[in-house]
Every structure is written in structure tokens, then in C-alpha cells.
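I have placed the structure first, in the form of C-alpha cells, so that the comments after it can refer back to it.
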Amino acid sequence: MAPLQTSNPAETLSADADALCLEQVLVCRGDLRLCEQVQAQMLAGQVWQLLGENGTGKTTLLMMLAGVLPVQAGQ
């Protein structure tokens, strides 16, 4: 029997199937540390919102996740 199709792709994954896992990530701009020890586990199908003041590293973090910038520390 085929698995049940749902409108939420995360519902077809097991509870521990991470689509993205950040561990101890450091976000810097030049020599300035914007945020340290970033940790998150995001499942496929989840929607996240990144909030913060201007200049706190939101875009830099996204550019690191996209592979545009290298990860300074963590994985």
C-alpha cells in the first residue's frame, strides 16, 4: 500500500529526519562576531522566521546556509 499523501511534506518523514541541523555555528562579519553558538534543527516542510535588529547577522547566516559564505565555526 502506498504511503498517505499529505499537504505537509514533513508529515511523511520520520520524527528525527532533519533537513537542516546547525551545531555551534559562529556568524561573523569581518572580525566582528555577530552571533555565536547558533543551534537549530529544522525539518523538511517547516517554516521558520528569522528575527533580529539590523546588523545582527540574519543575512550573513542565510548566506552561510546557502554556501555563498564559508562557515567560520561549527557545522
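Would you grab the residues whose amide H sits under 5 Å from the one on Ala73? Only those 5+ places off in sequence or on another chain, please, with H modelled 1.01 Å from N.
Leu26
May I ask you to evaluate 6.51 cos²θ - 1.76 cosθ + 1.60, the Karplus curve with θ = phi - 60°, for each residue of the stretch 21-29 and list the ³J(HN,Hα) values in order in whole Hz, giving x for glycine and proline?
10, 9, 10, 6, 7, 10, 10, 10, 10
None of the figures in this text is laboratory data; all of them are computed from the coordinates on show. Just so it is clear, the structure is predicted and the values come from calculations on it, not from any experiment.
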